[in-house]
Amino acid sequence: MVQAVIFDWAGTTVDYGCFAPVAAFVAAFKNKGITITVEEARIPMGLPKRDHIAEICRMERVAGIWQEKYGRAPDEADIDSMYADFETMLLSTLKEYATPIPGAIEAVEQLRAQEIKIGSTTGYTSEMMDIIASEAEKQGYAPDVLVTPDMVAAGRPYPWMCYVNAMRLGVYPMHDIVKVGDTVSDMREAVNAGVWAVGVIKGSNELGMNEAEIEACPSDELAEKMQIVRKRFEAAGAHYVIESIHQLPDVVDVISERLKRKEYPIFGTQEGIAR
């Protein structure tokens, strides 16, 4: 039986479409005279935010623009400077992005009715999560455990945050845990931790659309976009991919039945940790 579900935050349980960090990443690079696209800002989502900036710097197009402008590659001081800008901008706006995604609270209530414990991991720091968690709780969402990258040796895609969740929730073995997220990094984190990985498409960073954009999108175009996200999750190791968070309790029931038959997720390998 599934004993615990570990949720991601932005794009999974709050901040539909994961918009809070995107503008701050774009602005942080703009302050250095470098223009990045929204798509480039989204690609490393789920990583600790300083690592996220470093990954953008390694992108071929961005690295080329930086080299042309500065005559060198970005160094650690540049990354620190952009992260400081990013953090300042994000902290000033996070309150606006703590609204629970439709269906998230109801899904958690259904899981708790089955005595399933609720954990969480994130790419945000503790300081950032103090703001988001407080606001989300006022609106009805509060997991039993919250672990941030600065509480462990390294964030995603490493499994440490999932392990700390397991310890604090008192859950073992790891295959009795389901990890739910909206990014490739979430899926890799789950696989590396030896837990079930479930990707959510609507509301996700990978889809990158708000509710109004999804509603207005032609059905065939939306289906194509969603299929791309599905394949991306599956390539990263997702055991299940669901359209929306509403479907999670049904998937958890399926996993519980598989566990009764002694069917377990494949454990991660060192190769899975490589980025």
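The values are calculated or read from the model by the stated rules, or taken from the named source; none is laboratory data. Because the structure is predicted, anything quoted here is derived from the model rather than measured. Cβ sites come from the backbone with ideal geometry, for glycine too, and all protein chains shown count toward neighbours. The protein model used for the area step is the full one, side chains on, heavy atoms only, and it has no ligands, DNA or RNA in it. Shrake-Rupley method; radii C 1.70, N 1.55, O 1.52, S 1.80 Å.
Among the residues of the range 176-189, is any open to solvent by less than 10 Å² (accessible area, probe 1.4 Å) and assigned to a loop (DSSP other than H, G, I, E, B)? Looking through the range 176-189, at least one residue is open to solvent by less than 10 Å² (accessible area, probe 1.4 Å) and assigned to a loop (DSSP other than H, G, I, E, B). Would the range 136-144 turn up any residue that is open to solvent by 40 Å² or more (accessible area, probe 1.4 Å) and either closer than 13 Å to ALA10 by Cα or touching a residue at least 60 places away in the same chain (Cβ under 8 Å) (or both)? There is no residue in the range 136-144 that is open to solvent by 40 Å² or more (accessible area, probe 1.4 Å) and either closer than 13 Å to ALA10 by Cα or touching a residue at least 60 places away in the same chain (Cβ under 8 Å) (or both). Evaluate the following for SER81: is it of a type in the set (Gly, Ala, Ser), under 17 Å from MET129 (Cβ atoms) and surrounded by fewer than 21 Cβ atoms within 10 Å (Cβ to Cβ)? Answer is no for this residue. Residue count for the range 150-175 satisfying the condition of being open to solvent by 20 Å² or more (accessible area, probe 1.4 Å) and either over 17 Å from GLN3 (Cβ atoms) or of a type in the set (Ser, Thr, Tyr) (or both): 9.
Check whether at least one residue in the range 13-20 is in contact with a Cys (Cβ under 6 Å, 6 or more places away or on another chain), buried (at least 17 other Cβ atoms within 10 Å of the Cβ) and closer than 30 Å to LEU259 by Cα, and report yes or no. Lay out the reasoning, then the answer.
Here is the first cut: in the range 13-20, the ones in contact with a Cys (Cβ under 6 Å, 6 or more places away or on another chain) are none.
Looking through the range 13-20, none of the residues is in contact with a Cys (Cβ under 6 Å, 6 or more places away or on another chain), buried (at least 17 other Cβ atoms within 10 Å of the Cβ) and closer than 30 Å to LEU259 by Cα.
Filtering GLY119, GLY181, GLY123 for residues that are within 16 Å of the chain's Cα centre (by Cα) and modelled with pLDDT under 95 leaves a single hit, GLY123.
From the list VAL198, VAL254, exactly one residue is on the phi < 0 side of the Ramachandran plot, surrounded by fewer than 23 Cβ atoms within 10 Å (Cβ to Cβ), free of Cβ contacts under 8 Å to residues at least 60 places away in the same chain and aliphatic (A, V, I, L, M). Which is it? Step through it out loud before you land on a result.
Values: VAL198 fails: surrounded by fewer than 23 Cβ atoms within 10 Å (Cβ to Cβ).
Of VAL198, VAL254, the one residue that is on the phi < 0 side of the Ramachandran plot, surrounded by fewer than 23 Cβ atoms within 10 Å (Cβ to Cβ), free of Cβ contacts under 8 Å to residues at least 60 places away in the same chain and aliphatic (A, V, I, L, M) is VAL254.
Which of the residues spanning the range 60-73 are crowded, with 16+ Cβ neighbours inside 10 Å and within 25 Å of VAL184 (Cα to Cα)? Scanning the range 60-73 gives a single hit, VAL62. For first residues located in the range 92-103 and open to solvent by 40 Å² or more (accessible area, probe 1.4 Å), partners that are aliphatic (A, V, I, L, M) and part of a strand (DSSP E or B) and lie 6+ apart or on another chain with Cβ distances below 8 Å form the pairs TYR97/ALA10; TYR97/VAL14; THR99/VAL14.
Tallying residues that are open to solvent by 10 Å² or more (accessible area, probe 1.4 Å) and either touching a strand residue (DSSP E or B) at 6+ places or on another chain (Cβ under 7 Å) or not hydroxyl-bearing (Ser, Thr, Tyr) (or both) within the range 117-131 yields 4. Restricting the first member to the range 1-17 and to residues that are of a type in the set (A, V, I, L, M, F, W, C), and the second to residues that are modelled with pLDDT under 95 and assigned to a loop (DSSP other than H, G, I, E, B), the beta-carbon pairs closer than 6 Å and six or more apart or on different chains are ALA10/CYS18.
Residues in the range 7-47 that are of a type in the set (Lys, Arg) and in contact with an Asp or Glu (Cβ under 8 Å, 6 or more places away or on another chain): LYS32, ARG42. Considering LYS225, LYS231, the condition of being over 14 Å from PHE7 (Cβ atoms), in a helix (DSSP H, G or I) and touching a Cys at 6+ places or on another chain (Cβ under 8 Å) is satisfied by LYS225 alone.
Open to solvent by less than 20 Å² (accessible area, probe 1.4 Å), of a type outside the set (A, V, I, L, M) and part of a loop (DSSP other than H, G, I, E, B), is that true of GLY203? Yes.
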